[in-house]
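The values are calculated or read from the model by the stated rules, or taken from the named source; none is laboratory data. Small disclaimer: the values here were computed from a predicted structure and weren't measured. Here the Cβ positions follow ideal geometry from the backbone for every residue, glycine too, while neighbour counts run over all protein chains shown.
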Amino acid sequence: MKLGLTRACFGCRPICYTTSLPSSTLNKPQIPIFLRPPAYSATSLDLRKWHEWAKGLAVSVGSSFADADNGPDTNLLCRELNWLLQDSLEDPKHDIRQSNESLMLRTSLDDLYHLWKQRIEQRRPFQYIVGCEHWRDLVLSVQEGVLIPRPETELIVDMAFDEISKNESLGQGLWADMGTGSGALAIGIGRTLGTRGRVIATDLSPVAVSVTTYNVSRYGLQDVIEVKQGSWFEPLKGFEGKFAGIVSNPPYIPSEHIPKLQAEVGRHEPTLALDGGVGGMDYLIHLCSGAATMLRGGGFFMFETNGEEQCKLIIDFMKNELAGRFCNLNAVPDFSDIQRFVTGVRR
Amino acid sequence: MLSLILKKSSHRSSLVSPNPCTSTNLIALLFSFLLVDKDSSRRPNSPTSCQKHSILASALSSFLLNTIRNQSGPHLCLSKSRYNSYLNWRGKVLVSGFGVLKRQFGGCHSALLPRFVLSCSSNQGLENLRRFCSFSAREAAKLSTSDGLTVDGIVASKWAIVDESESDWKSHAAAIAQSIQIVKKRLQWRKLIVRLGLLSSELNKPDLWDDPEHAGRISREHGSLMGKMKEVNAFEQELLEHIDMIKLAREEDDIDVESESLKALLQMRINIKEKELEALLSGEHDTCCCYIEVQAGAGGTESMDWAEMVTKMYKLWAERRGYTVTVVDQMPGEIAGIKRATIKVYGEYAYGYAKAEVGVHRLVRISPFDSGKRRHTSFAAVAVIPILGDGFTHVQINESDLRIERFRAGGAGGQHVNTTESAVRIVHVPTGVTATCQNERSQHLNKASAMEVLQSRLDQLEMARREQMNAQHTQSLTNISWGNQIRTYVLHPYRMVKDLRTNYEVYDPDSVLEGELDDFMLSYLSAYLDEDEKKISVSL
């Protein structure tokens, strides 16, 4: 639990309370642009002007971001620009190359200038700009303070689905998503579970809890997913030995790498969700120990890691420190062929 | 007897009756002749007696009798009501096409005879069925107008085909004749006639029904081919009758009849255009949606720019046709244009049309990327893959045969990287076939989309394999090799787009690049039928 408390130093004070819903209006989640009402009018001529200007900025970037920190290049930025336009238009398919007509926008033209400037000059992540991330077949609301779910993490849902189809009882059981962030894993898994399957999603961050709650309700999964605020397993007291599955994408970047991160990540995404302590293993080890207590016999776990080295360490840790508790321990690669996930089954 | 006034003109004869009810009398008369015919000889009489003389009222009956005995001219065309409407026109009876009697007895357009022959045969058992069959092979005899104009003749005379909105009967007629020819080619007309002859003689064998199963099969096939043939003959017949009517009306200075016939001709032109399209797009997979892939040839930026122009041309074409277009995969060039692109064209008959575009497209122009303003030639290759719907069998793909790769991933990945790039490439290891998708906003959807492309590619590969095994189909369109140069787009020194397969050409490249491709596609598809036709005539 010591490790858990370290992480719980949010705003330098340990948070040990658990609530199922944030009551503060401070944490009212932001609405993604594409879901806002089309309340702003503009002419297609003005929009074309903006688009040209924005494209000019994107072109000026060239490969400078990519060379500096593996950031986006012109091509990617141009694609993002088109997506921003699509999200902002009342009818995303509308062709603004048409003659000068009046059309409705979901955000003001001034905002569009402002937002794209932020994208290029401050390297503000595109997902925060439009307020959403397309992840699997979901469109999840995201905002500052919440980790933007990564494509790699989608595979955890695929693996959970495979396990559930092999063993139906898993799909009728209780699952946990530890450090849920935007709620991506909880919602992805919640949609693959059987009628009696439930998910508890926990996160220490009140912003994450409010965003997850919003996303859960957008997909109508309030009866399937319960969102609890608190540090790791603390909100799950009383559920020991009850879980059919535990998944997590915990912070795993070694602290020493944090200063060198890509600008979009290092400058804008919450360190709380990225920094895994020296070596990056602090929370993963904590999760492994917790999984031993919380999973029922035959229960399944999947954790995302930083790569091959962490996978190896976790498997060693489980084989030695938690000897006899787990079987079928595996390191699973992502689509870039990096050993990304550790999976195993509670004996 | 009928009270008929024979009106003779220098070119043909027309029958005019002062009495509208003549039509019913005439029908009754014809029917009675049919009944008489029941026991008469089946051997054809010589029609020469009718060929050189103009017809007098008295000759009509002998003509009818001959026709029935002959059973050589039953080209069913006009419905009874239609015929009646002719007959009732202004209290006159105007039997179009009787002038034919002068020259070509076998081509007589008696609108009523076959109908009666048909109804008799269907009612009177095997004997009549056989008789009916025996003349079916002769259905192929050339139909013509009173002055000997045939459908082939109309096509050969190359009357200008102008827009449907123009009231020009020659243009309508030429368009209809052309469509009829295409429909005939699609039916493999010559083969069909030979086959019908074979089936007829088979049906005429006295021991046919000793094997009822065989007999059933033969008569079913015969019936189906006859149906097809009749439909086409009916179109031919109708066309020629309208032409006769128009000519006649002009001589009579009857504007009403002329405009009515013109209207009928226009309607016919619209109807048969649909038939023609059906005929051109009757391949097994023609109704499917498809992917169109464009790949830039060698030549760097200039070619990549051309590949982008080609992709845009297909997007615009698809939009014109009301299809939905999505970009599945697009790899931009370093400076301009694209290295390759895959677009998905969603809509009925997308594949049927687009398959005509497979091959290499060549552009000649002054390159905007050459500071020396020199003329450049660039190439872009186009491939088209049908997306087989649920009704087709698909190649089974084993999950274990797939290698799925993140595209253009760099560095440590995971939480280290924030990117909206989630392109996926799927490799089917046993065949080496790959598919990439990067257009979707999530990796999951990119993967799903790439899987669809992969499935279609593997399906197409399997189709090609099966077709190669089945020698009959080796010339199928799906087999066209990717490397053939099919079309040239010249923007300089002159302006023209020319299809190298059909020699179809257009002098306005801009309109083509804006997606006006239908005529290129259709001319290729009908030329492809021509080739089919030639092959058949060689094999016959």
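Determine which member of the set B:Asp305, B:Asp370 is out of contact with any Lys or Arg (no Cβ under 8 Å at 6 or more places or on another chain), more than 30 Å from B:Phe235 (Cβ to Cβ) and at pLDDT below 90. Residue meeting the stated conditions: B:Asp370. Residues B:Leu280, B:Leu239, B:Leu265: which one is in contact with a His (Cβ under 7 Å, 6 or more places away or on another chain) and crowded, with 20+ Cβ neighbours inside 10 Å? Matching residue, one of B:Leu280, B:Leu239, B:Leu265: B:Leu265.
Output the residue which, of all residues in segment A:321-347 that are in a strand (DSSP E or B) and surrounded by fewer than 14 Cβ atoms within 10 Å (Cβ to Cβ), is nearest to the other protein chains (Cβ to nearest Cβ). Filtering segment A:321-347 for residues that are in a strand (DSSP E or B) and surrounded by fewer than 14 Cβ atoms within 10 Å (Cβ to Cβ), the one nearest to the other protein chains (Cβ to nearest Cβ) comes out as A:Asn328.
In the set (1) of a type in the set (D, E, K, R); (2) free of Cβ contacts under 8 Å to residues at least 60 places away in the same chain; (3) within 11 Å of another protein chain (Cβ to nearest Cβ), the condition left unmet by A:Lys166 is number (3). Return the residue satisfying two criteria in turn: it lies in segment A:71-105 and is of a type in the set (A, V, I, L, M) and surrounded by 18 or more Cβ atoms within 10 Å (Cβ to Cβ), and of such residues it is farthest from A:Ile120 (Cα to Cα). In this case the residue turns out to be A:Leu103. You will find that of B:Ala464, B:Ala450, the residue that is more than 9 Å from chain A (Cβ to nearest Cβ) and either crowded, with 22+ Cβ neighbours inside 10 Å or closer than 21 Å to B:Val325 by Cβ (or both) is B:Ala450 and no other.
Screening B:Val395, B:Val382, B:Val364 for residues that are more than 14 Å from chain A (Cβ to nearest Cβ), surrounded by 16 or more Cβ atoms within 10 Å (Cβ to Cβ), more than 30 Å from A:Tyr252 (Cα to Cα) and out of contact with any helix residue (DSSP H, G or I) (no Cβ under 9 Å at 6 or more places or on another chain) leaves exactly one candidate, B:Val364. Kindly indicate whether B:Phe369 is more than 14 Å from chain A (Cβ to nearest Cβ), within 27 Å of B:Val512 (Cα to Cα) and surrounded by fewer than 22 Cβ atoms within 10 Å (Cβ to Cβ). Yes, satisfied.
For segment B:287-310, a tally of residues being part of a loop (DSSP other than H, G, I, E, B), surrounded by fewer than 22 Cβ atoms within 10 Å (Cβ to Cβ) and at negative phi returns 3. Among residues of segment B:311-325 being of a type in the set (Ser, Thr, Tyr) and surrounded by 15 or more Cβ atoms within 10 Å (Cβ to Cβ), the one that is nearest to B:Glu514 (Cα to Cα) is B:Tyr314. Taking the listed residues A:Leu295, A:Leu274, the one that is out of contact with any His (no Cβ under 9 Å at 6 or more places or on another chain) and modelled with pLDDT of 95 or more is A:Leu295, with no other qualifying. Of these, B:Glu164, B:Glu236, B:Glu221, B:Glu231, which one is under 27 Å from B:Ser282 (Cα atoms), among the acidic types (Asp, Glu) and not in a helix (DSSP H, G or I)? That would be B:Glu164, the only listed residue that is under 27 Å from B:Ser282 (Cα atoms), among the acidic types (Asp, Glu) and not in a helix (DSSP H, G or I).
The residues of segment B:404-427 that are surrounded by 21 or more Cβ atoms within 10 Å (Cβ to Cβ) and more than 7 Å from chain A (Cβ to nearest Cβ), listed by number, are B:Ala423, B:Arg425, B:Ile426.
Based on this model, can you work out whether B:Ser400 counts as of a type in the set (S, T, N, Q) and either more than 14 Å from chain A (Cβ to nearest Cβ) or touching a residue at least 12 places away in the same chain (Cβ under 8 Å) (or both)? The answer is no for B:Ser400. Of all residues in segment A:242-286, those satisfying the criterion of being part of a strand (DSSP E or B) and within 11 Å of chain B (Cβ to nearest Cβ) are A:Ile253, A:Asp275. Between A:Phe161, A:Phe126, the distinction of being aromatic (Phe, Trp, Tyr) and under 25 Å from A:Arg36 (Cα atoms) belongs to A:Phe126 only.
Before we move on, is A:Gly290 in contact with a His (Cβ under 8 Å, 6 or more places away or on another chain) and over 22 Å from A:Gly71 (Cα atoms)? Against the criterion (in contact with a His (Cβ under 8 Å, 6 or more places away or on another chain) and over 22 Å from A:Gly71 (Cα atoms)), A:Gly290 does not qualify. Selection over segment B:322-362 of residues that are in a strand (DSSP E or B) and within 30 Å of the chain's Cα centre (by Cα) gives a count of 12. Among all residues of segment A:295-308, there is at least one that is in contact (Cβ under 8 Å) with a residue 24 or more places away in the chain, over 18 Å from B:Ala412 (Cβ atoms) and touching an Asp or Glu at 6+ places or on another chain (Cβ under 6 Å). Candidates in segment A:304-320 are the residues that are within 11 Å of chain B (Cβ to nearest Cβ) and polar (S, T, N, Q); of these, the one that is surrounded by the fewest Cβ atoms within 10 Å (Cβ to Cβ) is A:Gln310.
Elements of the type helices (runs of 4 or more DSSP H) sitting completely within segment A:49-135 and holding at least 2 residues that are away from every other protein chain (no Cβ under 14 Å) and among the acidic types (Asp, Glu): these cover A:109-121.
Screening A:Val209 with (1) farther than 18 Å from A:Trp135 by Cβ; (2) at pLDDT below 95 gives one miss only, at (2).
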